[in-house]
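Quick notes on the structure that follows.
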Amino acid sequence: MAESNEHIKLPNPRVMGEQSVEMLFKQRRSVRSYEKSPLNLAEVGQLLWSAQGISDAQGLRTSPSAGALYPLTLYVVAGDVNELSSGIYQYNPETHSLLKTVNGDLRKLLQKAAHDQSCVGDGAIIIVFTGIYQRTTRKYGQRGERYVHMEVGHAGQNLFLQAEALQFGTVVVGAFDDDEVRAVLNLDSDVQPLSLMPVGRK
């Protein structure tokens, strides 16, 4: 797996939608089968912004975080996106941009790490939620780990509702081998993989 340092600025996110949040609550379902159809760069950016984007001038984000410490980092494992070559990208909320960290289509490797769940390999992208517990536990002690898990739940639900608004399917995948996911993404040992969410058109 070759490393890369390519930076991609994402299009500005939209803040007005066509459906009410109540309708999105009603429609949201876990979807594990996706069309073989690419996403585009603006759609990927919208999904990432919904989960961890900056939402005000003070730097606060779309998801709540204990102490505003923001221990989460999102990665995109991209395989079928117009205007975006296959690879792994780290999302930077401050600049609403992507940093390419690994070249190549790694979706099937991530599927293998997720106990061969086909939905992981079939998504146009997989968004991987990771966290560094120490960012929160240094203030809140051991209970901070629970706060990180609460935060990934908030961010995942944001992503779920945004995917529904874009008429995409997604599902939360929690069954995977942590060390294998860490190896695919080339993560440091203190970075915890917490959740995978494959996304595709439905």
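Residues that are in contact with a helix residue (DSSP H, G or I) (Cβ under 6 Å, 6 or more places away or on another chain), part of a loop (DSSP other than H, G, I, E, B) and closer than 16 Å to D105 by Cβ within the stretch 39-95 comprise G79, E83, listed in sequence order. Within the stretch 136-151, residues that are touching a residue at least 24 places away in the same chain (Cβ under 8 Å) and of a type in the set (S, T, N, Q) reach partners that are surrounded by 14 or more Cβ atoms within 10 Å (Cβ to Cβ) and outside any helix (DSSP H, G or I) with beta carbons closer than 6 Å, at six or more positions or on different chains, in the pairs T136/L69; T136/P71.
Name, by its number, the condition in (1) under 18 Å from the mean Cα position of the chain (by Cα); (2) surrounded by fewer than 12 Cβ atoms within 10 Å (Cβ to Cβ); (3) of a type outside the set (V, I, T) that does not hold for L39. Here L39 meets the rest and fails (2).
Go through the stretch 42-61 and count every residue that is crowded, with 20+ Cβ neighbours inside 10 Å and either in contact (Cβ under 8 Å) with a residue 40 or more places away in the chain or over 16 Å from T95 (Cβ atoms) (or both). Number of matching residues: 11. Against the test of being under 29 Å from E35 (Cβ atoms), of a type in the set (V, I, T) and modelled with pLDDT of 95 or more, the options I125, I132 yield a single qualifying residue, I125.
Residues in the stretch 28-45 that are touching a strand residue (DSSP E or B) at 6+ places or on another chain (Cβ under 6 Å) and either modelled with pLDDT under 95 or more than 16 Å from I127 (Cα to Cα) (or both): E35, S37.
The values are calculated or read from the model by the stated rules, or taken from the named source; none is laboratory data. Given the structure is predicted, the values throughout are model-derived calculations rather than measurements. Methodologically, a virtual Cβ is constructed for each residue, glycine included, from the backbone with ideal geometry; neighbour enumeration extends over all protein chains shown.
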